[in-house]
Every structure is written in C-alpha cells, then in structure tokens.
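Some notes on the structure that comes next.
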Amino acid sequence: MSPRRSFFRWRMTSGPWALLRGVVILIYVFSLGPILITAAVSFNATNRSFFPPRGFSFRWWEKAFAPEWIDPLIFSLKLGSLTAVLGTALALPLAFALYRYRFRGREALVALTLGPLMLPTLVTGVGLLQLFQYLGWREHMGFTALLVGHVVICMPFAVRTVSISLRTLPPNVELAAASLGATRWATLRHVVFPLIKTGLVAGAVFAFIHSFTDINLSIFLARPGETPITVKILGFLEFGFAPTLAAVSVITLLVPLVLVAVVERVSGLGDFIYGERERA
Amino acid sequence: MTHASARSRVPAHWLLVALPATVLLVFFVLPNALLLSASFLKSEAQQLTTQTTLDNYRFLFTRPLYLEVFLRTFVVGISVGVVDIVLGFPLAYFLVRTRSRWKGLLIALSLAPLLASVVVRTYGWYIILNRFGVANDVLLGIGIIENRIAFMPSTGAIIVGLAHALLPYTVLSIMGSLNGINPNLESAAMSLGANRIRTFFHVILPLSLPGIAGGFLLVFSIAISAYATPAILGGPATQVAATAIYSFIIQLLDWSLGAALAVVLIVSSLLLLYAAARLGARRAAL
Amino acid sequence: MPEPALRLVGIEKQYATAVAVAGIDLDVREGEFVTLLGPSGCGKTTTLALIAGFFPPTAGEIYLKGKSVVDLPSFRRDIGVVFQDYALFPHMSVAENVAFGLRMRKVAPSEIAKRVADALDLVQLKGLGERRPLQMSGGQRQRVALARALVVNPAVLLLDEPLSNLDLKLREEMRVEIVAIQRRLGITTVFVTHDQSEALVMSDRIAVMNAGRIEQLGDPADIYERPATRFVAQFIGRMNLFAGVVTPDRRVRTVDGVELAESAPPEIATGAAVHVAVRPERARLVREKPAEGLALAGTVRQVFYLGAVREFHLDLAGGERGQVEMRNDGAAARFEPGDTVWLTASFANCRVLPARS
C-alpha cells in the first residue's frame, strides 16, 4: 500500500501532471457548469436568470409540476418504457440469430440492424413522416408514429448489448446443458437467458434513455397533445427564457440519471459502456 | 442415413429474424427510400408530382443562401470536432492514467452528460449566453463590458453548445485507444532516453491516433446532422443543414428540397462513418 | 458376445473444405475405458462430439446400448460429458450445477438432493455445494464437472481432454482418481487426449487416431510394444526407425547391409521398403559387433545425462541417426562422444513396419 501511495503522491505533485490536473478541472467546469447553472437558476426568486441566484424560491418548481409540463413528461416516460420493452423484445431474437447462425444475407442483416445508428436520426424522422402521410395514417401521428420511430432508432442499442453478452457466454455451456438432457428451450431458459440478463437490462436502459432524450426524430412525428418533453421544451424556448424551463430541464435530467444509478447498483452497466475489453 | 429431418424445416434463423427485420425494412429502409425518391421529384404547390428532375439538387448547390448553409454546417462540424479533440484528449489521458480512488466517479461524471437530452444541455448555454444571461451579467458585474453583447444567435454559440454536448464521444473514443496502450511503453521510452514530452509525441500520440481520428469523425458526423442546438443557439440567419431541412418540410412544406438536403446529409454522414470504420479496421489489424 | 455399450459404424464428418472424421468403426464394451489418442486436428474431439450428438455425422451409425441414436439430439442420448474448459454454469451454485441433469430428467426434488450429495461425496467435494464455480480452483471445477456428468448415470461418459487445463501435479492425481471412480462405477467411458502418458496410464484400450482415422486399436501394451504403423510408433514414446527392404528370402536387410535373422511379416510384399523400429530403451551400445540380433555401426555424437539414464545420440555408418537410452550404471558411463560403437537390439525388440504408413 505505501509504495503505491508514494508513487501516487509523486505523480500528483510533479509538474506536468499537476498542469494536466488543472486543465482537467477546467474541462469538468466546462462540461458540468451549464447543467449546474441551470439547476441553480431554477431556484431563483425573480424571473431573470441571475447567477448566482438572487433569493430562493420553489415557485418555478411548482409550475414545473403543473399539467402543462407533467403531461409531456409522463408521455415521454410511457413512450420510453414501451420503446425499451418492444426494442429489446425485437433485438433479442435478432441478436441471437446473428450470434448463432452463419447464413446467406447475414452481412446484409448486420448492416440493416446498424443502419439506424449510421443514418442521421433526423432523416429517418423526415422519412417516417413522409411514409405516414403517404399511407394516409394521419390519425396515427403522435404516439404511434413516435413509438415506431423510437423502436427503430433504439433497437440497435439493445442488439449491441445483447450481442456483447452473447459473445461473452462461456463456451460450451449450451452443449453442456444439452448433454445433460436439456431441450433447446430448457437450455435457453435455464442457461442462456440468465447469463445474458444483464445485457438485456442494459439494452432496455439504453433504449429508454435514447428514446427519452431524443429530439431529432420526435420533432417531425409529434402532434399537439402527444408531445415528448424534449419537443415541448424546445417549442417553448422560441418564446425566450422562462425559469420554469430550468426546473423542467433539471427534472428531465434526473430521470435517466436515477434510472442508470439504480440499474447500475442492481446489475452493472459499465461493461456495456466501455465494451468487452474491460470485461475480462 | 436419415439426417434429412433436421434439414427440411424452415431455417431457425429466418424465424428468429423475421419480425425485427420486417420492422426495420418497413419503418427504416422504406422511409429512407421514399425520401431518396422524393429528392428526385418535382414539387408543385406544396405537393410532390411524379415528374423526375435534378432541379432540387441544382437549386441547393447554386443558391448562395444554401451554399452558405452547407459551409456553415461544415465549419460547425470541423470546429466541434477540433474543440472536442483538444478538450477530450487531456481528459481521456487523465482518466486512463489517474490512480485517484475517485477514478470511477470521475469517469462517470465525464460521461453522465450523455444521459441528458441535448435540449436540456443546450438550455444551460442559452441561460449563459442570451442577452440577459449569466455571461453578460458577470462581464457587466466585473466591468469588462459596458453594454450587453449578443453572444447568440451566432455560429460561435452553436459550436460551443455542440462541442459541449458531444464531448463525451471523443472522451470515450480516445480512452478506448489509450486503454490499449501498454503503460510499460512509456517507461520503456523513458528508459531509452526520451523525456516526457518526446515520449508523448513519439509514443502516446501516434498510438492513440486511431481513437483521435475515430472520435473526430464520429463527432463531426453527429454535429452536421444536429438539430436542437442550432435551433436554440442559432437563428434564422444562422441556419445549418438540419434546421434548413426542418424549415423546408415543416414550414415551407417543400418536400423535394427537404429530401434533397437530407440525402446530401446522409451521403456526407455515411462517408464520414465509412472513414471512421476504415480507421477502426486498421486499429483492429494492428 | 454381449452387445457393445457403444458402437460406431463407418462414422464420417465432412465440412465444406475439410474432412474431420474419415470413417471410424469402434466398439466399446460395457464398463470399458477407451481413449481416443492423437495429435490436434486428428478428429478425436469431433468424434466425441458426434457421439455426444452436438452435430450430426455426414455418414455412419451410432448405437448406444444396441439402439441407434444417430437421429437423436444430444439431450435424448443419455450421455455425460466433461468438457476441457469444464463449461460449468457460472450463474448456478455447485449443487445446482450437479442437479441440472436430474432436474431436466424431472427427478423428484428429494431424490435430487440425495443424489447430488452422493455425487459431491464421490468426487470429494462434500459440503461445498453452495459455492459458486468461479470461487473454486481448477481442480475443484474439474471435480464438479465430473460429478455433474456422473450424477445422471449416463450410458456412456465422454471426457474431452479434461485434464489439460490443470498443472502437472494435479493432473497426475486426477488421472488416478478418475480411473478409480470409473472402475468403481463400472461406467463405459470414452476419453479424448493428446497426452500419451495419460492414455497409457488410464485406458483399457487406446485408439490412436490420425487424419480422421483410427490407426491402431489395442491395449496400452499392444500400442507401445507392437505399433502397427510408423505413425503410431513415432507418436507414442520415442522410436528409432531404420530404413530397410524385404529380400526375396523374406528377410529384412537394413541400409548398411545387416540382415535380420527373422522373417518379415507376411503382409509385407517382397522387395517392399520397410522400417525396422527399435525403442531407444530397448537398444544397447556395445564396443564389439554382437553375434546376433540387430547391429548397426556408428559413432557417438552427443551424450545427455538425465540422472537415472543416459541418452546417446549416434551417427550411423549408413547415414542414419540413432538413439540409445541406457541405465546409468558403470557400463553406460564408459561411452563418450566420438567413440566408435555398435547399436544393438535383440530381434524380439525390433518391429518391422511398412515404410509408407
């Protein structure tokens, strides 16, 4: 323990390292500052964005919980949850087929699966808008169109995490199960599924977050009364500053943060952010 | 030998992929194909006709207004990429090499912004940069300026906002590269007589180049198709590709021009991502 | 003759570009321990996987206790497999791992508990049922894998290089233990290894495999003393091979003109090229040309001192090289590099093998 600590001290006090540390602190200020300022401003007593805040009040927070803001928030939560469930449900068989089988057209399927990650989301949004209009599905704009679009753009995340967990399955466990008398279904249920559960959960979480924070697709597919929170905030910004927005922003920022913190505590997500190399 | 029974059924992989592949074909490939075809159709009285034409592209590439949009989009993409590499490299290097017991927390903090919507994060910059915002208050307060400055709407504000929003991507990409570098290489270089600076330029930087280039291209491709940040921090006079597509389609109802612009955006993104993948492939081969 | 417990008839496995198993016939008797021995890529693991039913053969039949199982999937074959990497289920405890096969067979929970405890007892892991596989040493994981395969009383136990991930000392202990358990249970066993000493120590019979075929099937002494082919002779232990030819009077003449007194084996044609095979430890060095037996003139090139024995490397007069291993007594110590000597062996210790085999 002591040699490690002394090395640490040496690094921290040596010139270049101290300089780097200073630079890094500034980068963190740049990275987190705007978010912290938003949070601080939401407690302002006045309707100006004074920073540091003058006075302290919850009046903007009270307004943030009015139906005007809570409804789109709940809409986004519903949309994100359903996207996560459907996206993961579709991703599971797809990832499994890509992992397990080598067949003609597999490469094309891989490209198709990753497509929504490659093309700008905005463009997919325009295309879906056009498709729905072309098919005369105007009454399906809003929730249905958003759900379809979000499932499409979020599915690749779930395919990715499920693929990672499939690739890190210990070799031969499926054969071992079969040799012990487990049918294919029993092998999936008792061996494969429990071992890739973390990947499924991670995929669902990432899909939810991607859906909850999306703007590029949603601006084209929302309609009045069926609007995700991000589109609602963006629409309001055109009218200039309103401290309520600061409070609403903080709320929408906390939702994914809390979700990730909870899931990370329960089953661990880090593996899927840093990739397989860190798994070892 | 009767092993045929196992072969004659419908292959399991087609059963597995049937539904997800159909969803992707109908709701991803088809819309993009429609968009592509719309870009070659003539638009009249806010309706698409069946007449094919290249006029949409000709229009976009000849009007100074849209050339300016292309140029601004490109400048934003390059600038955001450069800023994020300059900020992302020291941060990534620090996070990979630090022995602090807070390492995990520091990494989480540097990536946490990805969990917030770009709208929310850009809103912070709106609070700071608007005419009655924090920056003006502070500068007035310490007496550097006498009158309020309009930091936004401006291309600069868009660059700052996007650089802030996309920084985690370069950090992740560069960390990936740096993690793959054996720390003993640094010691080895120093044992061979290279000082810290030479070690950095001759060993660390070349080896992390794929991560730097990959991060740059990734950020570039996201930045040129970003909508929210330019919409908030820019204005009608500072349009970029994404905001122009939005106004074509939602405000002007001109599908063919919107589609043509979208196709230009797709092609540029794909080229950038292809380049990034090539770099990735080279990294994998090393 | 009773029905063999396991019978392979003309088993083949072809891939698009390669033939992994090129026709194997093998009968394994009830309670017998048969080893598939061969270098990597010889098809031994593929053969085991075909018996286990992990994929179908391209051709051939597999009978387990007299019934064809070739069309049955793995989970209906009544087998037990121990994998090289153990393939324990990491999300289950040791007891749950061992219980898995019984659960799949819908055995009553009370009986499962009893049989799992007995199986863990058998492999000396009593009381460790609640551990996770990842908390255990390599040797312990090996025992769990063995218990898991044995607890279902399979018709045949298949072991795929189960010892190769263990260190030397543990490997030697486990050899003895696996054989002891196998004998006690009388379970029919097919064991795959590339380690010849493992095969010699453990097996009732050994099938030496090469290029997808069985080169020789026999008990360990057969395989070692009477290799049927040059491949077997060289793969098991070390072997001197001296080129020769079958003379018209059915003798064998070596390159430098020595004729062996005994007749060539009848299956080798007159005039055919052959090899005279002699194990280094069955050959001796002498100063004078011996009156009978094989005798080849040469000079000592190098001497290696190995403690119990000395190893002599010779350049022979006919241009070939030879090795002799002699107990380290006074006689062996007299030979030095550069000495002119005779390599000799009794005819009983020489084998005549077809040159192309």
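The values are calculated or read from the model by the stated rules, or taken from the named source; none is laboratory data. If you're wondering where the values come from, they're calculated on a predicted model, not measured in any experiment. Reconstructed Cβ throughout: ideal geometry from the backbone, glycine too, with neighbour counts over all protein chains shown.
Results for (1) touching a Gly at 6+ places or on another chain (Cβ under 9 Å); (2) within 14 Å of C:Glu32 (Cα to Cα), shown as yes or no for each residue.
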site: C:Asp204; (1), (2): yes, yes
site: C:Val208; (1), (2): yes, no
site: C:Gly212; (1), (2): yes, no
site: C:Glu225; (1), (2): no, no
site: C:Ala233; (1), (2): no, no
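Which ones in region C:5-43 are in a loop (DSSP other than H, G, I, E, B), over 14 Å from the mean Cα position of the chain (by Cα) and under 20 Å from C:Thr189 (Cα atoms)? Don't jump to the end; show me each part of the working.
So the first thing to find is which residues in region C:5-43 are in a loop (DSSP other than H, G, I, E, B), and the list is C:5, C:15-18, C:29-32, C:38-43.
Those still in the list that are over 14 Å from the mean Cα position of the chain (by Cα) too: C:5, C:15-18, C:29-32, C:41.
Of everything in region C:5-43, those that are in a loop (DSSP other than H, G, I, E, B), over 14 Å from the mean Cα position of the chain (by Cα) and under 20 Å from C:Thr189 (Cα atoms) turn out to be C:Ala5, C:Arg29, C:Glu30, C:Gly31, C:Glu32.
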Check: On the given criteria, is B:Ala21 of a type outside the set (D, E, K, R), over 30 Å from C:Val69 (Cβ atoms) and either surrounded by 12 or more Cβ atoms within 10 Å (Cβ to Cβ) or within 11 Å of another protein chain (Cβ to nearest Cβ) (or both)?
Finding: yes
Next item on the list: Just one of (1) among the small types (Gly, Ala, Ser); (2) at pLDDT 90 or above; (3) over 19 Å from A:Pro116 (Cα atoms) trips up B:Gly234, so point out which.
Entry: (2)
Margin query: Could you check region C:76-104 and list, in sequence order, the residues that are more than 29 Å from C:Tyr63 (Cβ to Cβ) and more than 7 Å from chain A (Cβ to nearest Cβ)?
Written below: C:Leu88, C:Met92, C:Ser93, C:Val94, C:Ala95, C:Glu96, C:Asn97, C:Ala99
Notebook entry, point to check: So which pairs qualify, if the first residue must be in region A:48-61 and on the phi > 0 side of the Ramachandran plot and more than 10 Å from chain B (Cβ to nearest Cβ), the second must be assigned to a loop (DSSP other than H, G, I, E, B) and at pLDDT 65 or above, the Cβ gap must be under 6 Å, and the two must be at least 6 apart or on different chains?
Noted result: A:Gly55/A:Ala45
Note to self: Being over 19 Å from B:Leu172 (Cβ atoms), of a type in the set (D, E, K, R) and modelled with pLDDT of 90 or more: is that true of B:Arg131 here?
What the structure shows: no
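Determine whether region A:37-46 contains at least one residue that is assigned to a loop (DSSP other than H, G, I, E, B), more than 31 Å from the chain's Cα centre (by Cα) and modelled with pLDDT under 85.
If we filter region A:37-46 for residues that are assigned to a loop (DSSP other than H, G, I, E, B), which is where we start, we get A:42-46.
Filter once more, so that each one left must be more than 31 Å from the chain's Cα centre (by Cα): A:45-46.
If we keep only those that are modelled with pLDDT under 85 too, we end up with A:45-46.
For region A:37-46, residues assigned to a loop (DSSP other than H, G, I, E, B), more than 31 Å from the chain's Cα centre (by Cα) and modelled with pLDDT under 85: present.
Show me the strands (runs of 3 or more DSSP E) entirely contained within region C:243-329 in which 2 or more residues are closer than 23 Å to C:Arg226 by Cβ.
Working: elements: C:252-254, C:273-278, C:284-286, C:294-305, C:309-316, C:321-327.
Those strands (runs of 3 or more DSSP E) span C:252-254, C:273-278, C:294-305, C:321-327.
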Margin query: For a quick check of your reading of the model, give me the residue pairs whose first member lies in region C:106-120 and is without any contact (Cβ under 8 Å) to a residue 60 or more places away in the chain, whose second is part of a loop (DSSP other than H, G, I, E, B) and surrounded by fewer than 20 Cβ atoms within 10 Å (Cβ to Cβ), with beta-carbon atoms closer than 7 Å and at least 6 apart or on different chains.
Written below: C:Leu120/C:Lys126; C:Leu120/C:Leu128
Check: Can you tell me which residues in region A:148-180 are out of contact with any Ser or Thr (no Cβ under 6 Å at 6 or more places or on another chain) and within 9 Å of chain C (Cβ to nearest Cβ)?
Finding: A:Pro170, A:Pro171, A:Asn172, A:Val173, A:Leu175, A:Ala176, A:Leu180
Note to self: For B:Gly81, only one of the following conditions fails: (1) more than 11 Å from chain A (Cβ to nearest Cβ); (2) of a type outside the set (Phe, Trp, Tyr); (3) free of Cβ contacts under 8 Å to residues at least 24 places away in the same chain. What is its number?
What the structure shows: (3)
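Confirm whether B:Tyr66 is out of contact with any Phe, Trp or Tyr (no Cβ under 7 Å at 6 or more places or on another chain), within 12 Å of another protein chain (Cβ to nearest Cβ) and aromatic (Phe, Trp, Tyr). Don't jump to the end; show me each part of the working.
Numbers: out of contact with any Phe, Trp or Tyr (no Cβ under 7 Å at 6 or more places or on another chain): yes; within 12 Å of another protein chain (Cβ to nearest Cβ): no; aromatic (Phe, Trp, Tyr): yes.
Here the answer is no, as B:Tyr66 does not meet what is asked.
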Notebook entry, point to check: So, of the residues in region A:106-120 that are touching a residue at least 40 places away in the same chain (Cβ under 8 Å), within 20 Å of A:Thr213 (Cα to Cα) and buried (at least 20 other Cβ atoms within 10 Å of the Cβ), which turns out to be nearest to the other protein chains (Cβ to nearest Cβ)?
Noted result: A:Pro120
Notebook entry, point to check: Can you name the residue in region B:2-18 that is assigned to a loop (DSSP other than H, G, I, E, B) and surrounded by fewer than 10 Cβ atoms within 10 Å (Cβ to Cβ) and is also modelled with the lowest pLDDT among such residues?
Noted result: B:Thr2
Item checked: Of the criteria (1) touching a residue at least 60 places away in the same chain (Cβ under 8 Å); (2) surrounded by fewer than 20 Cβ atoms within 10 Å (Cβ to Cβ), which one B:Ala226 fails -> (2)
Check: Restricting region A:181-236 to residues that are among the charged types (D, E, K, R) and within 10 Å of another protein chain (Cβ to nearest Cβ), which is nearest to B:Ile222 (Cα to Cα)?
Finding: A:Asp214
Next item on the list: Please state which of the following conditions A:Val123 fails to meet, knowing it meets all the rest: (1) over 30 Å from B:Val240 (Cα atoms); (2) facing chain B (nearest Cβ under 7 Å); (3) part of a helix (DSSP H, G or I).
Entry: (1)
Next item on the list: Identify the single condition in (1) in a helix (DSSP H, G or I); (2) of a type outside the set (D, E, K, R); (3) within 7 Å of chain B (Cβ to nearest Cβ) that A:Phe103 does not satisfy, given that it satisfies every other one.
Entry: (1)
Check: Of the residues C:Ala283, C:Ala332, which is surrounded by 18 or more Cβ atoms within 10 Å (Cβ to Cβ) and either within 30 Å of C:Ala199 (Cα to Cα) or of a type outside the set (A, V, I, L, M) (or both)?
Finding: C:Ala283
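In this structure, is B:Thr50 hydroxyl-bearing (Ser, Thr, Tyr), more than 29 Å from A:Ile219 (Cβ to Cβ) and either crowded, with 20+ Cβ neighbours inside 10 Å or within 14 Å of chain A (Cβ to nearest Cβ) (or both)? Before the answer, list the steps.
Working: hydroxyl-bearing (Ser, Thr, Tyr): yes; more than 29 Å from A:Ile219 (Cβ to Cβ): no; either crowded, with 20+ Cβ neighbours inside 10 Å or within 14 Å of chain A (Cβ to nearest Cβ) (or both): yes.
The answer is no for B:Thr50.
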Item checked: Which listed residue is among the charged types (D, E, K, R) and farther than 30 Å from C:Leu353 by Cα, from C:Glu177, C:Glu198, C:Glu215, C:Glu225 -> C:Glu177
Next item on the list: Could you figure out which of (1) more than 13 Å from every other protein chain (Cβ to nearest Cβ); (2) surrounded by 18 or more Cβ atoms within 10 Å (Cβ to Cβ) isn't true of B:Ala194?
Entry: (2)
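Evaluate region B:116-134: report whether one residue or more is touching a strand residue (DSSP E or B) at 6+ places or on another chain (Cβ under 9 Å), more than 8 Å from every other protein chain (Cβ to nearest Cβ) and among the hydroxyl-bearing types (Ser, Thr, Tyr). Lay out the reasoning, then the answer.
Taking region B:116-134 and keeping what is touching a strand residue (DSSP E or B) at 6+ places or on another chain (Cβ under 9 Å), we get none.
No: region B:116-134 contains no residue that is touching a strand residue (DSSP E or B) at 6+ places or on another chain (Cβ under 9 Å), more than 8 Å from every other protein chain (Cβ to nearest Cβ) and among the hydroxyl-bearing types (Ser, Thr, Tyr).
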Checklist line | Residues of region C:160-209 satisfying the condition of being over 21 Å from C:Tyr224 (Cβ atoms), in contact with a Leu (Cβ under 8 Å, 6 or more places away or on another chain) and not in a helix (DSSP H, G or I) | finding: C:Asp160, C:Pro162, C:Ile187, C:Thr188
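Being over 27 Å from the mean Cα position of the chain (by Cα) and closer than 20 Å to A:Leu234 by Cβ is the filter here, so list the residues in region B:93-131 that pass it. Reasoning before the result, please.
Keep residues of region B:93-131 that are over 27 Å from the mean Cα position of the chain (by Cα), which gives B:98-102, B:131.
Matches in region B:93-131: B:Arg131 only.
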Next item on the list: Report, by residue number, each residue of region B:237-262 that is surrounded by fewer than 20 Cβ atoms within 10 Å (Cβ to Cβ), within 17 Å of B:Asn56 (Cα to Cα) and either away from chain A (no Cβ under 11 Å) or modelled with pLDDT of 90 or more (or both).
Entry: B:Ser247, B:Leu252, B:Asp254
Notebook entry, point to check: Is it the case that A:Leu166 is surrounded by fewer than 20 Cβ atoms within 10 Å (Cβ to Cβ) and at pLDDT 90 or above?
Noted result: yes
